[in-house]
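Asks: Structure incoming, see below.
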Amino acid sequence: MEMLTKQPTTKGPDTMFTGDVWFDVIVRGEPPSRVRTNTVRFSPGARTAWHSHAVGQTLYVTEGIGLVQARGGKLVEMHPGDVIWTPPGEWHWHGAAAANFMTHIAIWEAPESGDESTWGDLVTDAEYPRAR
Ligand code: MN
């Protein structure tokens, strides 16, 4: 066993996120494992860009009020204890509600080959539901 050395919290890049988003790696996926787990903290109004995951993704909300939406789907408000599954290849975004912080644990897996995730356009202010 090994107590992992604490790594610095990483700021989510502005090509993939709108607003202030910070993450810490919990599971780095030591081969042969391909599991990755991060805790991700979103400030009010912050959200991911549109993206999809090659092998899907599970989100577990630990704090605050969040929003998640699949492309063409209805907006879903999420709360602590909620578990959201996005299947492989499904385009979606997730983030904090406009007036609240949100923290979730994100669990996904690298495919045997190719990219873990595919990133698209930022979620615009017009797409993001400011009034709830
Ligand atoms: Mn995702």
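Each reported figure results from applying straightforward, stated rules to the coordinates on display, with no laboratory input. Every value quoted in this text rests on a predicted model; they were computed, and no experiment measured them. Cβ: placed from backbone, ideal geometry, glycine included. Neighbour counts: every protein chain shown.
Asks: Filter the trypsin sites (Lys or Arg not before Pro) in the stretch 23-115 down to the DSSP loop ones having no more than 13 other Cβ atoms within 10 Å, then list what survives.
Replies: Filter output for the stretch 23-115: 28, 71, 74.
Asks: Let's test the formula: R0 of 25 Å, r as the Cβ-Cβ distance of residue 71 and residue 27. What FRET efficiency results, to the nearest 0.05?
Replies: That pair, residue 71 with residue 27, gives E of 0.35.
Asks: Taking only the Cα atoms of the stretch 10-112, how large is their convex hull per residue, in Å³?
Replies: So the per-residue Cα hull volume is 92 Å³.
Asks: How much length, in nm to one decimal, is gained on full extension between residue 124 and residue 10, taken as 0.36 nm per residue of separation minus their Cα-Cα distance?
Replies: 38.7 nm
Asks: Hey, what did the chain get for relative contact order, percent, Cα under 8 Å, at least 6 apart?
Replies: 29 percent
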